[in-house]
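Every read-out reported here was derived from the displayed coordinates using simple, explicitly stated rules and does not represent laboratory data. Computed from a predicted model, the values in this text were never measured in an experiment. Every residue, glycine as well, gets a Cβ built from its backbone with ideal geometry; the counts of neighbours run over all protein chains shown.
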Amino acid sequence: MILGTDYVSTNIKPVRLSTDALRRHLYIIGKSGTGKSVLLDNLITDLIENGSGCCLIDPHGDLAEAVASRVPQKRINDVIYFDPADLSYSLGYDPLACTAPDNRPLVAENVLSAFAHVWGLSAQHTPRLLHILRNALRLLLDNQETLLGLPHLLTNARYRERLLRRRPKTTESREVTWSGTSAREIPARAGVR
Ligand SMILES: Nc1ncnc2c1ncn2[C@@H]1O[C@H](COP(=O)(O)OP(=O)(O)OP(=O)(O)O)[C@@H](O)[C@H]1O
Ligand SMILES: [Mg+2]
């Protein structure tokens, strides 16, 4: 992949980036307006053109739109364009989906830390809430439920009973003791009805 031309050295030569180097790490820094987005755009367009896969996470959206507008016909069916702000084309996303049993504790922790970040939860100030959320997520994961089950789990006793009965004995969820208290009591004790 050619990034540009080196005019600084005595002999002018192209500056290249191998696919192997690209796979490791690439950090593009520079003052505003120095061409970072254009460079990324060119790199991504080349990857798409030569049949490679890539994922662009663009918080602003302009680069994503520029790249999307240049996807060649042969790769159109490979493109997933996910714009969470576009309500006319909403795309379902469930962070608890298709998780292998070994990964479930990690997924639960990641979702929990996202909740903690959004709502300002902490082990110091809201330990019980974190505990309940963690166990609720683990129970949903073990039952292969979606995140939509979370409010039901906390407010619907029959649903909760069903998940507790169904959870597989072979997975780690049997270790989930809900702090030695019956899972049936916890939501009530936490003030959840
Ligand atoms: N290699 C290049 N040669 C000539 N012009 C370029 C080159 N790369 C970028 N430009 C021009 O420089 C301008 C700024 O580029 P770009 O938007 O990529 O900068 P940026 O570093 O992403 O800026 P920002 O930090 O504000 O997002 C654009 O008008 C673009 O056309
Ligand atoms: Mg930019």
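By definition, a body whose alpha carbon gyration tensor gives a ≥ b ≥ c is prolate when a/c is 1.5 or more and a/b is larger than b/c, and the chain fits this prolate description. Using only Cα atoms, tell me the angle between helix 157-166 and the longest principal axis of the chain; keep it within 0 to 90° and round to the nearest 10. It is inclined by approximately 80 degrees. Cross-link reach is defined here as a Cα-Cα straight distance under 17 Å, omitting same-chain residues fewer than 8 places apart; for residue 13 none of the aspartates and glutamates meet it. Other residues lying with their Cβ under 14 Å from the Cβ of residue 114 contribute a combined charge of -1, Lys and Arg counting +1, Asp and Glu -1.
Ordered by the number of other Cβ atoms lying within 10 Å of each residue's own Cβ, fewest first, 15, 118, 67 fall into the sequence 118, 15, 67. Peptide packing for 84-96, 29-41 was compared via the average number of neighbouring C-beta atoms within 10 Å per residue; ordered from the highest value, the list is 29-41, 84-96. Against the chain, whose longest principal axis is taken from its Cα atoms, helix 127-142 shows a tilt of about 80°. Over 16 Å, how big is the tail of the calculated P(r) for region 57-150, in percent of all Cα pairs? In whole percent, the share of Cα-Cα pairs in region 57-150 beyond 16 Å is 67. Helical runs (DSSP H, four residues minimum) scored at -39500 (n - 2.57) apiece and divided by the length of the chain put the mean residue ellipticity at 222 nm at -12000 deg cm²/dmol.
Note on residue 12 and residue 62: their simple-model spin labels are 3.0 nm apart, each label 7 Å out from Cα toward Cβ.
Taking 15 Å as the straight-line reach from the Cα of residue 36, the aspartates and glutamates in range (excluding those fewer than 8 positions away in the same chain) are 58, 62. Electrostatic tally near residue 50: other residues with Cβ closer than 12 Å to its Cβ, Lys and Arg +1, Asp and Glu -1, net 0.
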